[in-house]
Amino acid sequence: MKRFALLSAALLTTTALAGSGSMVPGRTTIAGIVANDPNFSTLLSAVQAAGLVDTLNGAGPYTVFAPTNAAFAKVPQDQLNALLNDRAKLRDLLLYHVVPGRVTSGQVVKLSNATAANNGTLRISTMNGSVMINDARVTRADIMARNGVIHVVDSVIMP
């Protein structure tokens, strides 16, 4: 019984807020955070369809600019369905949201661009006090994972 109480206490003290403010284990991977936050359910489906779950569970480190369900809702439905049914294009699009290495918000604001995991170039700027990745606004920064960091964005970043 003591062991269970100690384990429960340890789990309760190692939580972190995710993109929606929901609680997730603080030492989980990027894929784990995405899987545990209902605001990332479309992103989770896309990551699964693209075969990237193992990558985002891997050692990393990675920086992920993670679009929410609301961000995916901005993509026309026919375009989104086409992406979800074309694994190669979907994988390329999702890897455009990933930068190798752990890049915190303090580092992002000092950059003008970054090379994505698909070798594309992301433009980084500050507009009206917000950090912009191409045309997407960072709405929440520095969600720390065991294998990197997530920055939540309000739009799907198109290459």
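The values are calculated or read from the model by the stated rules, or taken from the named source; none is laboratory data. What you see is a predicted model, and the numbers here were worked out from it, not measured in a lab. Heads up, the Cβs are rebuilt from the backbone with ideal geometry, glycines too, and the neighbour counts pull from every protein chain shown. Side chains included, ligands, DNA and RNA excluded: accessible areas come from the protein's heavy atoms. Shrake-Rupley method; radii C 1.70, N 1.55, O 1.52, S 1.80 Å.
Things to note:
- Listed peptides 87-96, 123-132 by packing density, highest first (mean Cβ within 10 Å): 87-96, 123-132
- What segment 44-109 shows is 48 Å² of accessible area per residue, with the surface traced by a 1.4 Å probe over protein heavy atoms.
- Remark: spin-label model distance residue 111-residue 88 equals 2.7 nm, labels positioned 7 Å along the Cα→Cβ axis.
- Per-residue Karplus couplings for segment 28-37, computed as 6.51 cos²θ - 1.76 cosθ + 1.60 with θ equal to phi - 60°, are listed in order as 8, 8, 4, 4, x, 5, 4, 5, 8, 10 Hz, Gly and Pro entered as x.
- Between residue 54 and residue 128, the contour length at 0.36 nm per residue exceeds the Cα-Cα span by 23.0 nm.
- Full extension of the chain segment joining residue 146 with residue 158 gains 1.6 nm, where the gain is 0.36 nm per residue of separation less the Cα-Cα distance.
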